[in-house]
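In what follows, a structure is listed as structure tokens, so that the remarks can point back to it.
The values are calculated or read from the model by the stated rules, or taken from the named source; none is laboratory data. The structure presented is a predicted model; accordingly, all values stated were derived computationally and were not measured. Cβ sites come from the backbone with ideal geometry, for glycine too, and all protein chains shown count toward neighbours.
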Amino acid sequence: MDKFRGIPIASTGRKYQTEQGFAAIKNGVKHRRDRRDLSSPGKPAWLKARLPSGAGYERVRGIVKEHRLATVCQESMCPNIGECWDNGTATIMLMGAVCTRSCQFCAVDTGNPNGWLDADEVENSAKSVELMNLQYVVLTSVDRDDLPDGGAQHYAECIRAIKRRCPDTAVEALTPDFAGRQSDVATVLGSGIDVFAQNLETVERLTSVVRDPRAGYQQTLDVLRFAKSHRPDVLTKTSVMLGLGETDDEILAALDDCAQAHIDIVTFGQYLRPTPNHLPVQRFVSPEQFELYRQWGLERGFLEVVSGPLVRSSYRADQVFQKNNVGL
């Protein structure tokens, strides 16, 4: 194991022991010599994000650390962490920082938590939202296939706790797929959320390459379709990464599939390779192309299509209702 100033740390792609006592793989994907030799095209100028800094950033970082919260901002190496945290917003990742799945694009650690949950997370999440004085919060989570309900009840309890402390705060739940179990999806839908999100991640042809085998293109669409039929008053949302080898025809087909599932909001962003063990970038999509894909979506009747190189599923989520590509 590598060391930093004498402290043992796990290097990317290597197995390590968590403080809860179970094994996990750092950054989610095992060491892949075959991929480490594959290069991606050089990053264009439009993909530059500002370094994390500012009083707001330090304040949010302090709250996250004090309440032992995992955030998708940190765990997924999001390029927008500086902007979002300095503006006083964060996407809280529930049920720990270790996922039971191993998607080939994702930098979240993977392992089997063996049923472990932080008993204090429900109230700590609610306290943090209250301290940040958020009007809109996104809750996401790792997949927890080790739990009988995939963590649906825990997810719902976190949302209810936030609504008790902050009744005027809108809550978006970016959830796992719960293996397609409608009863678990219904548990989350009944918690008081305002937006239910589940990500397609990529086009149908690339799903088996990009996502864990337990995930599925049709499974995600079915979850979102059920969510809309079960709770028509809750907005539904999905996100697709571009730059993994998809074609324009496949993007159009994905938009048509989303429309048929009655999804309200779609986001498009550029895939960025988090480590050399992950899938390489096949292309960098230009801002002009992202705008074209947004127009294709709007023509299909979606409430909004957020589309841009640095867009992530929860990026400027509170601004979606302005219908101006969240100010981009």
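Structure notes:
- Checking each residue in region 297-306 for being touching a helix residue (DSSP H, G or I) at 6+ places or on another chain (Cβ under 6 Å) and more than 29 Å from Asn27 (Cβ to Cβ) picks out Gly297, Arg300, Glu304, Val305.
- Residue count for region 288-310 satisfying the condition of being of a type in the set (A, V, I, L, M) and surrounded by fewer than 23 Cβ atoms within 10 Å (Cβ to Cβ): 4.
- Within region 132-148, considering residues that are in contact (Cβ under 8 Å) with a residue 60 or more places away in the chain and of a type in the set (S, T, N, Q), the one surrounded by the fewest Cβ atoms within 10 Å (Cβ to Cβ): Gln135
- Applying the criterion of being without any contact (Cβ under 8 Å) to a residue 40 or more places away in the chain and in contact with a Ser or Thr (Cβ under 7 Å, 6 or more places away or on another chain) to the residues of region 218-239, the residue that is farthest from Leu310 (Cα to Cα) is Lys228.
- Region 27-40: number of residues that are modelled with pLDDT of 75 or more, not in a helix (DSSP H, G or I) and not basic (Lys, Arg): 4
Yes or no, residue by residue, for (1) touching a helix residue (DSSP H, G or I) at 6+ places or on another chain (Cβ under 9 Å); (2) small (Gly, Ala, Ser); (3) surrounded by fewer than 22 Cβ atoms within 10 Å (Cβ to Cβ):
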site: Asp248; (1), (2), (3): yes, no, yes
site: Leu252; (1), (2), (3): yes, no, yes
site: Asp256; (1), (2), (3): no, no, yes
site: Val266; (1), (2), (3): yes, no, no
site: Gln270; (1), (2), (3): yes, no, no
site: His278; (1), (2), (3): yes, no, no
site: Ser286; (1), (2), (3): yes, yes, yes
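- Looking across region 307-324, the residues that are under 17 Å from Tyr136 (Cα atoms) and of a type outside the set (Ser, Thr, Tyr) come down to Arg312, Arg316, Ala317, Asp318, Gln319, Val320, Phe321, Gln322, Lys323.
- Taking the criterion of being closer than 28 Å to Arg273 by Cβ and buried (at least 19 other Cβ atoms within 10 Å of the Cβ), the residues of region 105-131 that qualify are Phe105, Cys106, Ala107, Val108, Asp109, Thr110, Gly111, Pro113.
- The set of residues from region 175-215 being touching a residue at least 60 places away in the same chain (Cβ under 8 Å) and not in a loop (DSSP other than H, G, I, E, B) comprises Val195, Ala197, Glu201, Val209, Val210.
Okay, residues lined up against (1) part of a helix (DSSP H, G or I); (2) under 18 Å from Tyr315 (Cα atoms); (3) at pLDDT below 95:
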residue	(1), (2), (3)
Gln74	yes, yes, yes
Arg101	no, no, no
Cys106	no, yes, yes
Leu117	no, no, no
Lys127	yes, no, yes
Glu130	yes, no, yes
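- Screening Tyr16, Tyr57 for residues that are under 30 Å from Glu291 (Cβ atoms), modelled with pLDDT of 65 or more and not in a loop (DSSP other than H, G, I, E, B) leaves exactly one candidate, Tyr57.
- For first residues located in region 240-258 and at positive phi and in contact (Cβ under 8 Å) with a residue 12 or more places away in the chain, partners that are in a strand (DSSP E or B) and among the polar types (S, T, N, Q) and lie 6+ apart or on another chain with Cβ distances below 8 Å form the pairs Gly243/Gln270.
- Of residues in region 158-199 being over 21 Å from Glu304 (Cα atoms) and among the charged types (D, E, K, R), the one modelled with the lowest pLDDT: Asp168
- Residue that is nearest to Asn27 (Cα to Cα) [pool: residues in region 101-144 that are among the charged types (D, E, K, R) and touching a strand residue (DSSP E or B) at 6+ places or on another chain (Cβ under 6 Å)]: Asp109
- Positions within region 200-226 being under 18 Å from Gly301 (Cβ atoms) and touching a helix residue (DSSP H, G or I) at 6+ places or on another chain (Cβ under 7 Å), in sequence order: Leu200, Leu221
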